[in-house]
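Only the coordinates and a few stated rules stand behind these numbers; no lab work does. Because the structure is a prediction, the values reported are computed rather than measured. No Cβ is skipped: glycine too gets one built from the backbone with ideal geometry, and neighbour counts run over all protein chains shown.
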Amino acid sequence: MALHSFNKDPTELTKTIGLYMHSKTFFVISFFLFTAISNAQFIGGWHDTDSLKIGRFDHAAINLNNGYIMVAGGYTETDPGGTIVTELFNTTTQRWEYGPPMNKGRAYHHLVGMNDGSIMAIGGFAERTCEILDLNDWTWSYTDSVNVKKYWWGRTSTLMEDGNILITGGANFDSSFASCEIYDVDSGKWRLTGKLKTSRERHIATLLNDGRILVTGGRTHNQSPFVYQKSCEIFDPVTETWSYVDSMEYPRIDHSATLLPDGRVLVVGGEQTICEIYNPTTNQWSEAGSVEFAFGYNNAFKLSNNKYLLLIQYDGTIRGQEGWELFSLESFESIGYSKFDRKILTMKSAKINDNSVIVMGGLERIGMNYVSANYCQIYDLTTGIEETVNEQVFAIELNSYPNPFNSSANITLNLPASGKVSLSVFNILGEKVTTIHSGYLTEGNHIFNYTPTNISSGTYFLQLQSQQQTKSIKLIYLK
């Protein structure tokens with residue numbers, strides 16, 4: 001029996017296999033999985049930085065191509081209908097300054113960077129107008145208005161491979177939309193395009209490497225109660241049509257969807273702790289680790305040459321789930337997380353460089369009151385390393401007795417955490433004989449009775465597949 005120690009990566013899985021035997025009719029094989037759970041290990045640190053000139057929430061933020069980060073619009077104490085004021089964060093001096101004011105006050109709007117470097121402000125709450133910022137003369141000019149009002153925060157805006165802009169879904173107070181529109185940069189006009197198969201809001205759109213656009217999850221708003229979606233669709237920019245693709249295992253809303261270097265898409269959060277990966281080549285979803293926080297991960301940033309994913313969480317409600325989490329894109333594990341000291345909802349975030357991210361403004365809860373926040377903080381991956389690791393040992397046990405058996409066998413397993421589990425029997429050719437269980441199991445001990453039918457005497461394999469691992473033990477059946 002060998003026990004391997006941890007290397008420099010505290011999240012490395014190490015395991016030992018114990019073999020216990022035996023009486024004439026009793027045979028047990030137990031598998032133990034040891035892992036370090038690093039909920040006290042934080043990589044990187046936060047520090048305060050220059051505050052916004054004015055507090056704001058439900059604003060928009062975007063990186064410009066000249067080293068600045070812009071925030072625009074949002075609700076303020078003096079502009080409850082949405083402000084025209086913009087601000088620019090100099091990533092070198094880390095100071096804020098006023099930027100060129102928009103023509104129209106906006107909130108719940110989107111900012112989209114176009115291929116020529118200009119910025120488009122799209123719509124807003126009960127707002128159809130759009131305007132474009134020319135970075136050469138720093139002026140905003142109106143362009144064509146969208147055809148359908150997108151009242152809430154629930155739509156998406158995506159710069160397509162050809163330089164046009166696609167907006168999808170959204171909602172008003174009565175229902176969610178299936179309508180989609182494309183802004184043609186050559187004509188400067190919006191036009192309706194193919195509708196989503198399912199109307200949805202608060203979904204996420206991701207531009208794939210082949211130019212198609214994947215839409216995941218969201219909520220259908222024209223039904224009572226709301227229907228939270230696990231369905232997914234892909235937009236073909238050639239035919240301008242939507243097609244259903246494989247659904248996620250779990251419904252999600254306000255999640256993050258990150259395009260990985262290999263072309264797959266990682267979704268995190270959205271009121272789920274289990275993460276999933278979509279493979280466009282196989283059109284299949286698979287589970288990919290888990291996070292500690294479940295809510296509102298729609299701010300996600302790849303850092304350190306795609307080694308980590310920084311998740312900026314806000315709940316969007318009064319539940320106080322605002323926080324951050326660092327997720328490994330190599331091991332697909334959470335390696336650090338914490339709540340923010342201040343309860344600020346709907347904050348906006350932007351990437352400064354490959355190691356740092358800034359969070360800006362939001363709606364701050366102070367006691368029972370809410371105020372527009374001008375507070376800003378910067379996360380730096382290269383500072384503030386705390387090396388404390390809280391190690392816990394978990395055991396996953398899979399047993400069968402008696403073994404050999406001639407009528408039935410008792411299968412016992414012990415799960416360290418709740419999750420989806422598949423328990424199946426295979427013959428020596430690798431063909432599945434039967435599935436004993438497939439579905440969700442709670443943490444703890446479980447017992448199953450296996451009585452074979454229509455199989456011959458011989459050697460078989462019992463396979464346990466869980467979120468964490470796949471394990472097999474040998475079964476010997478004697479009629």
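Descriptive notes on the structure:
- TRP190 sits among other residues whose Cβ lies under 10 Å from its own Cβ, and their net charge, with Lys and Arg +1 and Asp and Glu -1, is 0.
- Ranked by how many other beta carbons lie within 10 Å on average, peptides 97-106, 436-445 from highest: 97-106, 436-445
- Per-pair calculated FRET efficiency, R0 = 30 Å: ASP210 and GLN94 via Cβ, rounded to 0.05: 0.20
- When you count the other C-beta atoms within 10 angstrom of each residue and take the mean per peptide, 192-199, 139-146, 249-256, 409-416 line up highest first as 249-256, 409-416, 192-199, 139-146.
- When peptides 273-280, 65-72 are sorted by average Cβ neighbour count within 10 Å, with the highest value leading, the order is 273-280, 65-72.
- Prolate/oblate/rounded call for region 100-244, Cα gyration tensor, a/c under 1.5 rounded: oblate
- Relative contact order of region 431-479, defined on C-alpha pairs under 8 angstrom at six or more residues apart (%): 29 percent
- Loop-located chymotrypsin sites (Phe, Trp or Tyr not before Pro) in region 144-197 whose Cβ has at most 14 other Cβ within 10 Å (DSSP): PHE173
- Shape call, region 45-380: gyration tensor on alpha carbons, a/c limit 1.5: rounded
- Unit charges at the beta carbon, dipole of region 45-380: most positive-side option, SER187, ALA257, VAL227: VAL227
- Over 21 Å between alpha carbons, listed pairs LYS302/LYS471; LYS420/LYS471; LYS230/LYS420: LYS302/LYS471
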